[in-house]
Ligand SMILES: *Cc1c(COP(=O)(O)O)cnc(C)c1O
């Protein structure tokens, strides 16, 4: 039982899963419909169509009944044959996962090891490719969630085009979080999962391929059955269903969530995430906490704890005493980091709650800081932003 006046109210500020809006929950509570009906056909069409602007593509977006990792595996087995080579960026837990998936399928992964918190430098990708001229693809994250860091996907096009490699991007904490321009950036594969910015419970993934990547996928003989993307595309585009039984309730939820996102306006959604992240970073500075990331992501912020403070305890205190869910660090950052998510059903005002709870937890751990300094920093950022349009240069007012 929480020790304070929390009541039953719970806050979920983890970098996935995220809180699901009541509108989406209600939609998913509707009676289950059959997946081979025109009724479901209309829903899946709306969901796939509604995802395109989030991906920044005019191409097809395909849904998969899987978590985000399923879409990562689908990308690998639809683009590479066993024995073929690829370069992958390992700047954290999820980058490392690309290497594990490649190895599991007998592909040869050439690792670019990046220090946690650092973005990969385009020269590193160029170098890795010149050391592995047989590489057919480059795999990386747009936002590496374990280190709360953005990789410069938008700067890689010239490099991958020159080397004739496919550019494969895990956008799980990027799609719907900040602008993605898949077509313009020369991204060949972009994928995401439902439980991050899409504000849907876990279990659904979405993936989009460039023309080049579809060609490659269609010609490839790598063993695969459930994650055969060409087959899945055919079912979704031509038959308005999924190849196998669709998770109809999740797709209903996704269509509703996209209605909310587009109703708000994508640019406003991105601005909301950016402001929430910015306010959280300002709070960190005010509390004397450093950020793990040198190029912080807008979807999640990683705050380094002072030496001697057990991050696991901070996270548990926030969850058990205050009903505020945040996440700790993974692997080498275990116990040293608090990660606060800003994706999806979160507003800048929620940063006040997250930072207030963090301050309470830090105080309980005996950390000394000026009480309220973090909360005040959040408030200043929010208030500054609210006043901004009136003072802004022409064209920026509403
Ligand atoms: C959450 C996440 C995934 C997907 O993980 P699942 O647990 O399979 O949904 C993949 N990549 C990144 C960057 C993530 O944040």
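The values are calculated or read from the model by the stated rules, or taken from the named source; none is laboratory data. Since the structure is predicted, the reported quantities are computational estimates derived from the model, not experimental observations. Note that each Cβ is placed from the backbone with ideal geometry, even for glycine, and that neighbours are counted across all protein chains shown.
Summary table
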item	result
For residue 216: the one exception among (1) assigned to a helix (DSSP H, G or I); (2) within 16 Å of the ligand (Cβ to nearest atom)	(2)
Filter result for residue 200 (under 13 Å from residue 153 (Cβ atoms) and either modelled with pLDDT of 95 or more or within 13 Å of the ligand (Cβ to nearest atom) (or both))	no
Count of segment 354-371 residues which are in contact with a helix residue (DSSP H, G or I) (Cβ under 9 Å, 6 or more places away or on another chain) and either buried (at least 20 other Cβ atoms within 10 Å of the Cβ) or not in a loop (DSSP other than H, G, I, E, B) (or both)	10
Filter result for residue 66 (within 16 Å of the ligand (Cβ to nearest atom), closer than 30 Å to residue 86 by Cβ and either modelled with pLDDT of 95 or more or not in a helix (DSSP H, G or I) (or both))	yes
Flag if residue 67 is surrounded by 16 or more Cβ atoms within 10 Å (Cβ to Cβ), under 24 Å from residue 214 (Cβ atoms) and touching a strand residue (DSSP E or B) at 6+ places or on another chain (Cβ under 8 Å)	yes
Which numbered condition residue 307 misses (of (1) at pLDDT 95 or above; (2) within 17 Å of residue 337 (Cα to Cα))	(1)
Qualifying residue in segment 17-36 (condition: under 29 Å from residue 211 (Cα atoms) and either more than 18 Å from the chain's Cα centre (by Cα) or more than 16 Å from the ligand (Cβ to nearest atom) (or both))	yes
Given (1) at pLDDT 95 or above; (2) under 26 Å from the mean Cα position of the chain (by Cα), number of the condition residue 331 does not satisfy	(1)
Residue match in segment 42-57 (condition: over 24 Å from residue 248 (Cβ atoms) and either assigned by TED's automatic domain parsing to the domain that holds residue 149 or within 16 Å of the ligand (Cβ to nearest atom) (or both))	yes
Test result for residue 13, in contact with a helix residue (DSSP H, G or I) (Cβ under 8 Å, 6 or more places away or on another chain), within 16 Å of the ligand (Cβ to nearest atom) and not assigned by TED's automatic domain parsing to the domain that holds residue 277	yes
Residue list for segment 90-111, restricted to those being more than 25 Å from residue 215 (Cβ to Cβ), more than 16 Å from the ligand (Cβ to nearest atom) and in contact (Cβ under 8 Å) with a residue 12 or more places away in the chain	111
Residue in segment 256-264 that is assigned by TED's automatic domain parsing to the domain that holds residue 71, in contact with a strand residue (DSSP E or B) (Cβ under 9 Å, 6 or more places away or on another chain) and more than 16 Å from the ligand (Cβ to nearest atom) present	no
Complete set of residues in segment 119-141 that are more than 14 Å from residue 88 (Cβ to Cβ) and within 16 Å of the ligand (Cβ to nearest atom)	119
Hits in segment 294-320 (condition: under 20 Å from residue 344 (Cβ atoms) and in a loop (DSSP other than H, G, I, E, B))	297, 298, 299
Matching entry among 374, 341, 299, 335 (being in contact with a helix residue (DSSP H, G or I) (Cβ under 6 Å, 6 or more places away or on another chain) and crowded, with 16+ Cβ neighbours inside 10 Å)	374
Verdict on residue 8 being farther than 25 Å from residue 329 by Cα, away from the ligand (no atom under 16 Å from the Cβ) and outside the structural domain of residue 154 (by TED's automatic domain parsing)	yes
Number of the condition not met by residue 208 [criteria: (1) under 15 Å from residue 53 (Cα atoms); (2) within 12 Å of the ligand (Cβ to nearest atom)]	(2)
Residues satisfying the stated conditions in segment 87-106, i.e. under 16 Å from residue 120 (Cα atoms) and in contact with a helix residue (DSSP H, G or I) (Cβ under 6 Å, 6 or more places away or on another chain)	87, 88, 89, 90
Residues of segment 321-348 satisfying the condition of being closer than 30 Å to residue 263 by Cβ and part of a loop (DSSP other than H, G, I, E, B)	323, 326, 342, 343, 344, 345, 346, 347
Which numbered condition residue 191 misses (of (1) modelled with pLDDT under 95; (2) within 12 Å of the ligand (Cβ to nearest atom))	(1)
Residues of segment 71-89 that turn out to be in a helix (DSSP H, G or I) and within 16 Å of the ligand (Cβ to nearest atom), as a count	7
